[in-house]
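Written below as structure tokens is the structure these notes are about.
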Amino acid sequence: MVDQLAARTTHLVFAALWAGSVCFVAAVVLPLARDGAFNTTRPLEVISGRLTTVSRVSSLVLFLSGSHLAGTTYTVERLFGSVNGWLVLVMVALWLVLTALVEIAAKRFEAGLTGKKIREPAREALPMFWAAAVAAVGLLVVAGLLSANVARLL
Ligand code: HEM
């Protein structure tokens, strides 16, 4: 019981933290960098580094807490044979996509920044950050469907 409470709360907190950080960088920081609002690369290197750390920690915590929830509240039959089970599998697939997109996008962005260029690497990295933001919002939509127990309505 306590483990469920801890796993659900941790899962929710890190989901919000991760999705929020990715969306903020994609919607605010990179467009500003592309439009020339920064005149040194340093703040962007720090932001990108912090985002990578938040992403790695969140990815691990969500994997562990999510695996615990799946392992304790689902059977293999329910996981592969019910609407809620499929939603959990979609969540796992999107988790993998989001982890990979943030990792690759941040790495490419930082590599581009080293030549004192800012606007060009920001423009090039934007589509990948947008894709990551879409995956993050998609995860929250899937979570909303699970929370509302959408299977009940079908
Ligand atoms: C390997 C990765 C993951 C696994 C195995 C996993 C698994 C689960 C499971 C089993 C549940 C409970 C479903 C139910 O109540 O029937 C859940 C809920 C949830 N998950 Fe995930 N998840 C993962 C990744 C993520 C990610 C990346 C996010 C968002 C960024 C996320 C956000 C949520 C949210 C917000 C809930 C709803 C919590 C609640 O209402 O109690 N999950 N997840």
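Taken together, the values in this text are just the output of simple stated rules run on the coordinates, not laboratory data. Worth saying up front: this structure is predicted, and the values here are computed from it rather than measured. Cβ sites come from the backbone with ideal geometry, for glycine too, and all protein chains shown count toward neighbours.
On a C-alpha basis, how far is the centre of segment 27-41 from the centre of segment 72-148 in Å? Whole number, if you could? Each part's Cα centre sits 23 Å from the other's.
Stretching Tyr74 away from Leu17 to a fully extended chain increases their span by 18.0 nm, per 0.36 nm per residue minus the current alpha-carbon distance. Subtracting the Cα-Cα distance of Glu45 and Ala111 from 0.36 nm times their residue separation leaves 22.8 nm of extension gain. Taking the Cα centre of segment 1-131 as reference, the dipole from Cβ charges on Lys and Arg (+1) and Asp and Glu (-1) amounts to some 360 debye. Calculated over segment 2-153, the projected area of the Cα convex hull averaged across directions stands at 9.2 nm². The ranking of Met1, Met128 from fewest to most other beta carbons within 10 Å of each one's beta carbon is Met1, Met128.
Ordered by the count of other Cβ atoms within 10 Å of each Cβ, fewest first, Ile104, Ile47 give Ile104, Ile47. A Förster radius of 22 Å, combined with the Cβ-Cβ distance separating Leu60 from Leu140, puts the computed FRET efficiency at roughly 0.70. Computed per residue of the chain from DSSP H runs no shorter than four, each worth -39500 (n - 2.57), the mean residue ellipticity at 222 nm is -28500 deg cm²/dmol. Ordered by the count of other Cβ atoms within 10 Å of each Cβ, fewest first, Leu126, Leu113, Leu5 give Leu5, Leu126, Leu113. Distance between the modelled labels on Ala93 and Ala131, one decimal in nanometres: 1.6 nm (7 Å Cα→Cβ projection).
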